[in-house]
1. Within segment 71-81, can one find any residue that is in contact with a helix residue (DSSP H, G or I) (Cβ under 7 Å, 6 or more places away or on another chain), assigned to a strand (DSSP E or B) and either free of Cβ contacts under 8 Å to residues at least 12 places away in the same chain or of a type in the set (A, V, I, L, M) (or both)?
2. Give me the residue from segment 6-56 that is of a type in the set (Asp, Glu) and in a helix (DSSP H, G or I) and, out of that set, farthest from Phe71 (Cα to Cα).
3. So, Asp29, is that one within 26 Å of Thr6 (Cα to Cα) and modelled with pLDDT under 85 or not?
4. Test Thr3 against the stated conditions and say whether it is closer than 14 Å to Val66 by Cα and either polar (S, T, N, Q) or in contact with a strand residue (DSSP E or B) (Cβ under 9 Å, 6 or more places away or on another chain) (or both).
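The values are calculated or read from the model by the stated rules, or taken from the named source; none is laboratory data. Keep in mind it's a predicted model, so treat the numbers as computed, not measured. A quick note on method: Cβ atoms are made from the backbone with ideal geometry, for glycine too, and the neighbour counts reach across all protein chains shown.
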Amino acid sequence: METIKTETRNADLPDLVDMLKAQSDVRYDVVAPASQIEMRGGDLIVKGGAARVTDDGVTTADARLVPTSIFDEGVSHRFDIPLKYVRTLRGRVATETKTSPSAVATMTR
């Protein structure tokens, strides 16, 4: 997956426009009931939140979204959880997911 540039220094206007267009192209806005949203391995999964286009037509698929630091700040603020704790948990899930898939199941029980 390509990383989208979100920071720059000493950029001129055309560079800023290009950067904002790239960010706009990957933006994902959705309104979904809580029953269709889950966290899996540190990623946000929206059930039926993506479209898959094939030769046979268009079907729905799960959208896998990688949360950003802005997402973590929003979760921290919304649920009144210290931001440092949210980031610690995100780091732990990412580390344990890479080493042991069963570790995530243990953490979510």
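1. no
2. The initial filter retains those residues of segment 6-56 that are of a type in the set (Asp, Glu), namely 7, 12, 15, 18, 25, 29, 38, 43, 55-56.
Those still in the list that are in a helix (DSSP H, G or I) too: 15, 18, 25.
Values: Asp15: 25, Asp18: 23, Asp25: 18 Å.
The residue in question is Asp15.
3. Numbers: within 26 Å of Thr6 (Cα to Cα): yes; modelled with pLDDT under 85: yes.
So Asp29 fits the description; yes.
4. Details: closer than 14 Å to Val66 by Cα: yes; either polar (S, T, N, Q) or in contact with a strand residue (DSSP E or B) (Cβ under 9 Å, 6 or more places away or on another chain) (or both): yes.
Yes, satisfied.
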